[in-house]
Amino acid sequence: MSVLPYLVAVWIFLTGCYGLATSRNLIHAVGCLAVCQSATYVLLLAVGYRDGGTAPVFSDLKPGSRPVVDPVVQALTLTDIVVGATVTALLLALVMQVVKRHGTVDPDELRELRG
């Protein structure tokens, strides 16, 4: 197993965090948060990968004759994608409400939200 997928997941996550920290636009911040979320997809798929593994369908294989990939990790990745899309849609809807009420997407101009 190679370390490359794990390094790619860390690089994607750090790129999203950098964009999130330096963002001056709420829509850009939501996009950067989605990039951070996509690092988990790469990480989960790297955990479930096996060299020479086949699909976990046992109709034509004897159990134990060949290595198979883990179907639980694939299901978790699909669930992560659905949750990520839902969170992104919810955050974009909240940004639209902020734009309607305050007329800006710049977080520094939102004086009423400061404590």
Quiz item: Exactly one of (1) assigned to a helix (DSSP H, G or I); (2) over 20 Å from V98 (Cα atoms); (3) open to solvent by 50 Å² or more (accessible area, probe 1.4 Å) is unmet by V42. Its number?
Solution: (3)
Quiz item: Taking segment 1-37 as the search range and keeping residues that are touching an Asp or Glu at 6+ places or on another chain (Cβ under 9 Å) and free of Cβ contacts under 8 Å to residues at least 60 places away in the same chain, which one is nearest to V98 (Cα to Cα)?
Solution: Q37
Exercise. Hey, can you tell me all the residues within segment 1-39 that are among the aliphatic types (A, V, I, L, M) and not in a helix (DSSP H, G or I)?
Key: M1, V3
Exercise. With the condition kept exactly as written, say whether any residue in segment 17-30 is under 22 Å from A75 (Cα atoms) and among the polar types (S, T, N, Q).
Key: no
Quiz item: How many residues are of a type outside the set (A, V, I, L, M) and either open to solvent by less than 60 Å² (accessible area, probe 1.4 Å) or not in a helix (DSSP H, G or I) (or both) when one looks only at segment 69-112?
Solution: 9
Quiz item: Has segment 57-68 got at least one residue that is modelled with pLDDT under 90, loosely packed, with under 15 Cβ neighbours inside 10 Å and β-branched (V, I, T)?
Solution: yes
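The values are calculated or read from the model by the stated rules, or taken from the named source; none is laboratory data. It should be emphasised that the depicted structure is a prediction, and the values quoted were computed from it without experimental measurement. So basically every Cβ, Gly included, is an ideal-geometry build from the backbone, and we count neighbours across all protein chains shown. These accessible areas exclude ligands, DNA and RNA; they are computed on the full protein's heavy atoms, side chains included. Shrake-Rupley method; radii C 1.70, N 1.55, O 1.52, S 1.80 Å.
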